[in-house]
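Trainee: Could you have a look at this structure, given as structure tokens, before my questions?
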Amino acid sequence: MEALRLTLVQGATRWHDAAANRDYYRALLLDHADIGDLVVLPEMFLTGFTNATRTQADTMDGPGVAWMQERAAELDAVVTGSLVIRRDDGRCVNRLLWVRPDGSLEIYDKRHLFRMAGEHHHYAAGAMPLCVELRGWRIRPLVCYDLRFPVWSRNQRVESAPGGMDYDLLLVVANWPAPRRLAWRTLLRARAIENLACCAGLNRVGEDGNDVSYAGDSAVIDALGETLVDLGAQEQVVTVKLDPAPLQTHRERFPAWMDADDFRIRQL
């Protein structure tokens, strides 16, 4: 494992205006001189959190995915974030894309749909977790409400992996409303501690078209639960470096994984 640099883009997503958001987020990135190995954008960063799939859904060969591929090539970095995607079968998913500079990509469809906002009526739930590797780090991406379900993100020992665990960094992209900011902050820290992994959460700021406000609070937490960076409530772009040495040392000195319950998640 090598040092990994994350660029967190905590933006105020424009409501239902994909073209404006493409211009807005590109400008934020071009104004930031220190781009890391991984650029993280919010959940549904081209639309805001919406159930208007009929008018707002994109496709895998549409402008949203193409924009992410262009930015990855332009920045020579992996770019990730989620989009509203209509699948070939007509169903829509809240899809996180992991886009590499060469244009290749991986996908993760949000597993836990936020029923309190009716998301489960408009989107299909994902069935498969995703683990990707960058600079020797194994990274497990989640989308917003997934953060509340610890079984789905449970880390396990994998002797053959570079860091000895299923993943080293839990990555959460979100549109997490301000009234529940305490839960957001608490769960990011809990997921890091219980999984002996770093945890990075990227939220948005501003207000959406449903008059829901967002306080940001994007953060990177180490495996002991200590905050490495906290972006507060303002629009900003921050790059933070993760050093693998403290993570590996903590896992050796505090091998709680040895006493973990053994189980397997049944796929949908």
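Read-outs throughout are calculated quantities, based only on the coordinates presented, and are distinct from any laboratory measurement. The structure presented is a predicted model; accordingly, all values stated were derived computationally and were not measured. Positions of Cβ are backbone-derived with ideal geometry, glycine not excepted, and every protein chain shown enters the neighbour counts.
Trainee: Give the distance, in whole Å, between the Cα centre of the range 189-268 and the Cα centre of the range 84-115.
Mentor: 21
Trainee: Evaluate Rg over Rh across the chain, taking Cα atoms for both radii and Kirkwood's formula for Rh.
Mentor: Numbers: Rg = 17.4 Å, Rh = 18.5 Å.
A ratio of 0.94.
Trainee: Note the angle between two axes, namely the Cα long axis of helix 18-30 and the longest principal axis of the Cα atoms of the chain, as a number of degrees from 0 to 90, rounded to the nearest 10.
Mentor: 50
Trainee: Roughly what percent of Cα-Cα pairs across the range 1-138 reach past 23 Å?
Mentor: Numbers: 3029 of 9453 pairs.
Counting pairs separated by more than 23 Å, the tail of P(r) holds 32 percent.
Trainee: Same structure again: What angle, in degrees between 0 and 90 and rounded to the nearest 10, separates the Cα long axis of helix 244-253 from the longest principal axis of the Cα atoms of the chain?
Mentor: 50
Trainee: Any chance you could tell me what percent of the C-alpha pair distances in the range 94-185 go past 16 Å?
Mentor: Details: 2484 of 4186 pairs.
Tail fraction, whole percent: 59.
Trainee: Moving on to the next point. Out of the DSSP beta bridges found with both residues in the chain, what percent are antiparallel (nearest 5)? Show your work: numbers first, answer last.
Mentor: Numbers: 34 of 51 bridges.
Taking every DSSP beta bridge with both residues in the chain, the antiparallel ones total about 65 percent.
Trainee: Sticking with this structure for a sec: Just round it to a whole percent: the fraction of Cα-Cα distances in the range 45-94 exceeding 17 Å. Show your work: numbers first, answer last.
Mentor: Numbers: 438 of 1225 pairs.
Tail of the P(r) past 17 Å holds 36 percent of the pairs.
Trainee: Using only Cα atoms and rounding to the nearest 10 degrees, what angle (0 to 90) does helix 181-195 make with the longest principal axis of the chain?
Mentor: Orientation of helix 181-195: about 40 degrees from the principal axis.
Trainee: Relative contact order for the chain: what percent, with Cα pairs under 8 Å and sequence separation of 6 or more? Display every interim value, and only then the final one.
Mentor: Working: 599 pairs, mean separation 54.2, N = 268.
Once divided by the residue count of the chain, the mean separation gives 20 percent.
Trainee: Relative to 2.2 N^0.38 Å, what does the C-alpha radius of gyration of the range 140-191 come to as a ratio? Two decimals please.
Mentor: Values: Rg = 12.5 Å, N = 52, 2.2 N^0.38 = 9.9 Å.
That ratio works out to 1.27.
Trainee: Rank the residues LYS110, LYS241 as a footprinting-exposure proxy: fewest other Cβ atoms within 10 Å of their Cβ go first. Don't skip to the end; give the middle numbers.
Mentor: Working: LYS110 25, LYS241 13.
By the 10 Å Cβ count, ascending, the order reads LYS241, LYS110.
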